[in-house]
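Structure record follows, encoded as structure tokens.
The values are calculated or read from the model by the stated rules, or taken from the named source; none is laboratory data. Keep in mind the model is a prediction, meaning the values are calculated, not measured. Heads up, the Cβs are rebuilt from the backbone with ideal geometry, glycines too, and the neighbour counts pull from every protein chain shown.
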Amino acid sequence: MLACCAIVASGTASGQTTGVTQSVEGTLQALRQSGVDVIYSSELVPPGLLAPPASAGETPLQRATSALAAHGLTLRAMGANTYVVVRSNPAETVPFADETIDEVSVYASRYAIEAGLAEPQDIAVGDIERVPGSHDDALRALHSLPGIATNASARPYIRGSLSEDVLVRYDGIPLLDPFHLKNFQSLISAIDPAGIESIEVFSGGFPVQYGTRSGGVIDITAPAYRGGYELRANASLISGGLSTIGKADSVPIEWLGAIRHSVVDLIDPVEDSLGKPEFSDSLGRLRYVTEKGAWTVGWLLLDDRLELGSTDDAEQAIARYRDEYVWVARDHQFDDALRTRANLVITSAERGRVGALSNPGVAIGALDESRSFNGLNFSNEWTYRRSRGSSYTFGAELGATRADYRYTRHSEFSPEVAAAFSRGLVEDLDYAVRPEIATYALYVANRRKWQHFEAELGLRLDAQHYFGGNDSNHTQVSPRLNLRYDFANEWRLYGSIGRFTQAQHVEEWRVEEAQQTPDSAQVSIHSIVGLEYDTADGLRLGLEAYSKRWTTDVAYFDNQIDALALLPDLAPDRIRVDPRGSEATGFEFSVRKPFTDSLTGWGTLTWSRVADDFPPRDVLRSWDQPVSATAGLAWKGPRASISGLVGWHTGWPRTPLQLSPLQIEARNSRRWSDYITVDLRGSWIWTYDSGDLTAVVEVTNATNRPNECCIRLEMGEAAALATEADSWLPAIINIGFTYRWRSAR
């Protein structure tokens with residue numbers, strides 16, 4: 001007979017009184033009352049099984065773990081705050097558990113969401129789903145991290161970098177563009193929250209094994225199940241889906257499967273009558289565990305069918321996106337000192353977009369484009385522990401990608417608009433190109449740890465060979481140094497400096513300007529220094545200063561007045577930005593404090609500046625926000641949870657214009673009003689013998705504040721040009737239900 005207890009708590013209750021004899025079953029019941037879900041059988045935990053006396057200060061989880069260990073039993077994690085009681089297996093050990101080097105302790109600008117809220121650093125309470133807006137999109141939990149700039153999109157700018165400069169990985173696999181509604185603000189990320197165990201973010205100074213992108217890293221870890229299985233069905237006003245995760249009893253196989261589809265006609269994130277943005281994704285992972293490691297086979301499929309705009313709108317677009325990833329991975333541990341992981345990834349993507357712009361008196365145009373990418377990538381990473389205080393990481397990567405572009409555009413502008421924006425009266429482009437690339441990389445790093453000091457020195461070599469009529473070879477070398485000094489039990493000082501390079505992918509060819517040859521690799525220098533204070537009662541303070549200097553920059557496109565255009569490459573305000581260099585600097589302060597076992601607060605405050613160098617002056621990037629702050633509060637009881645997040649930042653830069661006659665002033669010389677949003681989330685859980693039902697209500701921008709973002713130019717009365725202001729997301733209410741059915745043996 002299984003005794004099943006229900007989920008979730010943000011913290012633990014007070015420990016048991018020392019010296020009092022209690023049954024093991026009683027300790028599990030006490031753990032249940034603290035809000036942690038435990039599954040166990042009466043065969044393993046009979047009613048008369050006694051626990052040893054409790055120790056002073058033990059939490060219910062620690063108490064239950066020690067009581068079970070006395071009888072050869074242990075708790076296996078099945079999910080966030082969910083455990084199953086199983087027999088201990090001495091053969092199953094955590095690799096290198098007895099070593100003194102912490103795998104991630106030395107790195108600056110690292111933030112982890114480990115089944116927790118979007119608070120800085122390692123989070124100890126709650127889970128990702130408690131962050132407002134993350135019920136259908138777990139990556140939105142990142143928006144309250146320092147150094148992240150974003151308003152509507154799920155795709156963030158990290159410390160001033162372009163959003164395309166951020167590497168996104170899932171299960172160790174690099175992803176090209178893992179977002180739905182590409183080209184249309186990328187409003188939703190493509191990884192089902194059911195397929196996420198934790199998220200690790202590096203906003204700078206990341207280690208050498210993360211290559212190809214220079215702006216930052218979002219590394220997503222897939223969940224693992226240690227016993228039994230779980231089935232999940234969920235539905236909301238945004239999407240519906242099914243998922244399963246589990247581990248077989250008779251064979252050493254673990255699995256994960258998730259499929260999700262949008263709820264058509266109920267997504268209206270940008271404006272009224274947006275259209276029909278349909279999306280779906282499926283994710284699968286099968287893991288076969290061997291004596292020395294595991295084989296993994298996985299896939300990720302993204303599919304978008306978008307019809308945007310209505311017959312009454314100036315802009316209409318139809319788009320189809322389909323991305324497929326299939327990978328095979330091998331993890332192998334030779335002994336306590338040496339382990340390796342090898343990945344083979346096949347990527348295929350098809351993109352198509354057709355659109356028309358009809359804004360009489362301003363601009364009319366049409367475009368038709370198709371893109372396809374096919375790639376193969378192999379990577380192999382090794383970790384060698386030479387001693388208790390020294391380890392080496394080394395690896396290699398090989399890849400080949402072919403792209404096929406076809407792009408046609410026709411634009412016509414009124415004489416007044418063409419003169420103001422320096423455009424031709426008629427512009428046409430018919431372009432096709434098939435770039436190919438072969439990539440190579442080698443990297444090595446050595447970490448050393450002494451009593452209070454830790455250092456890692458790494459070196460990465462990247463090389464590319466471009467094919468397609470303009471063959472060329474590019475090579476980049478990237479040295480990196482990370483340091484940490486623990487000068488007191490609760491204080492840590494750390495720093496990082498390194499060179500980060502980013503070669504142009506063939507998937508990001510600038511077809512709208514008929515690019516013929518690849519860019520030189522983008523080069524940035526990251527310099528970071530930080531101070532952290534961390535106490536035993538959970539208080540964490542962090543202060544970090546950073547500088548990111550692009551010594552070799554690349555061109556990008558920007559729309560000066562309308563950031564929400566459905567077809568930005570047809571708009572008259574589209575410009576090519578080709579700076580001589582760029583620089584982002586800033587200070588970030590973060591705090592996290594658990595007030596009680598059930599109530600936790602956190603906050604961030606950031607001062608920053610990001611600008612492109614156009615001698616004799618700098619021009620701010622369009623997502624520059626000098627001051628930004630977030631404050632969050634989360635409470636969680638045995639059944640209910642409530643959380644709120646307030647975000648504020650100074651308005652992003654804007655380009656002012658004057659009418660009669662139309663004149664465009666200096667780009668990004670003024671600012672929009674301050675951006676403020678209040679996001680709320682509440683949930684309630686009903687528990688049953690074999691599962692639970694959770695209801696969630698989320699409100700984004702609960703005050704419905706019209707945060708201005710854009711200006712639309714149109715023909716007004718008396719045949720005169722006029723402007724209309726537009727805003728970022730209005731208030732959005734999402735209601736969702738999730739039923740989980742679990743079984744454990």
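Quick notes
- Verdict on Thr604 being over 29 Å from Arg232 (Cβ atoms) and either assigned by TED's automatic domain parsing to the domain that holds Phe557 or in a strand (DSSP E or B) (or both): yes
- Those residues of region 316-359 which are among the acidic types (Asp, Glu) and closer than 20 Å to Lys182 by Cβ, in sequence order: Asp323, Glu324, Glu350
- Per the conditions (1) of a type in the set (Gly, Ala, Ser); (2) within 25 Å of the chain's Cα centre (by Cα); (3) modelled with pLDDT under 95, the sole criterion not satisfied by Gly469 is (2).
- Restricting region 472-504 to residues that are polar (S, T, N, Q) and farther than 30 Å from Asp404 by Cβ leaves a set whose member that is surrounded by the fewest Cβ atoms within 10 Å (Cβ to Cβ) is Asn489.
- Output for region 428-449, where each listed residue is free of Cβ contacts under 8 Å to residues at least 60 places away in the same chain and of a type outside the set (S, T, N, Q): Asp428, Asp430, Ala432, Arg434, Ala438, Tyr440, Leu442, Arg448
- Looking across region 144-179, the residues that are assigned to a loop (DSSP other than H, G, I, E, B) and either aliphatic (A, V, I, L, M) or not assigned by TED's automatic domain parsing to the domain that holds Ala294 (or both) come down to Leu145, Ala152, Ala154, Leu162, Leu176.
- Contacts under 6 angstrom Cβ, first residue in region 505-516 being surrounded by 17 or more Cβ atoms within 10 Å (Cβ to Cβ), partner assigned to a helix (DSSP H, G or I), 6 or more apart: Glu512/Asp569
Rundown of residues vs (1) in contact with a Phe, Trp or Tyr (Cβ under 6 Å, 6 or more places away or on another chain); (2) farther than 25 Å from Ser520 by Cβ; (3) modelled with pLDDT under 95, yes/no style:
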residue	(1), (2), (3)
Phe587	yes, yes, no
Gly601	no, yes, yes
Leu605	yes, yes, no
Arg609	no, yes, no
Gly632	yes, yes, yes
Trp635	no, yes, yes
Leu645	no, yes, yes
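- Region 298-315, residues that are over 14 Å from Asn183 (Cβ atoms) and more than 23 Å from the chain's Cα centre (by Cα): Ser310, Thr311, Asp312, Asp313, Ala314
- Subset of region 689-710 that is of a type in the set (S, T, N, Q) and in contact (Cβ under 8 Å) with a residue 40 or more places away in the chain - its residue that is nearest to Arg742 (Cα to Cα): Ser690
- Criterion: assigned to a strand (DSSP E or B) and either over 24 Å from Leu605 (Cβ atoms) or aliphatic (A, V, I, L, M) (or both) - qualifying residue of Trp648, Trp686: Trp686
- Cross-chain or 6+ apart pairs with Cβ under 6 Å, region 481-496 first and modelled with pLDDT of 90 or more, then among the hydroxyl-bearing types (Ser, Thr, Tyr): Asn482/Tyr107; Asn482/Ser496; Arg484/Tyr494; Trp491/Tyr533; Leu493/Tyr485
- Any hit, region 390-412, residues being of a type in the set (Lys, Arg), assigned by TED's automatic domain parsing to the domain that holds Pro479 and surrounded by 20 or more Cβ atoms within 10 Å (Cβ to Cβ): yes
- In the set Thr630, Thr585, only one residue is assigned by TED's automatic domain parsing to the domain that holds Ser727 and under 21 Å from the mean Cα position of the chain (by Cα); that residue is Thr630.
- Qualifying residue in region 517-529 (condition: out of contact with any Pro (no Cβ under 9 Å at 6 or more places or on another chain) and farther than 30 Å from Ala108 by Cβ): yes
- Subset tally (residues that are closer than 25 Å to Ile437 by Cα and modelled with pLDDT under 95) for region 368-390: 0
- The listed residue being within 30 Å of Trp550 (Cα to Cα), crowded, with 23+ Cβ neighbours inside 10 Å and in the same structural domain as Ile158 (by TED's automatic domain parsing), out of Ile196, Ile188: Ile188
- Checking each residue in region 517-533 for being part of a strand (DSSP E or B) and either surrounded by 17 or more Cβ atoms within 10 Å (Cβ to Cβ) or not assigned by TED's automatic domain parsing to the domain that holds Ser348 (or both) picks out Gln522, Val523, Ser524, His526, Ser527, Ile528, Gly530, Glu532.
Conditions (1) out of contact with any Gly (no Cβ under 7 Å at 6 or more places or on another chain); (2) assigned to a loop (DSSP other than H, G, I, E, B), marked per residue:
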residue	(1), (2)
Tyr225	no, yes
Ala235	no, no
Leu242	yes, no
Gly257	no, no
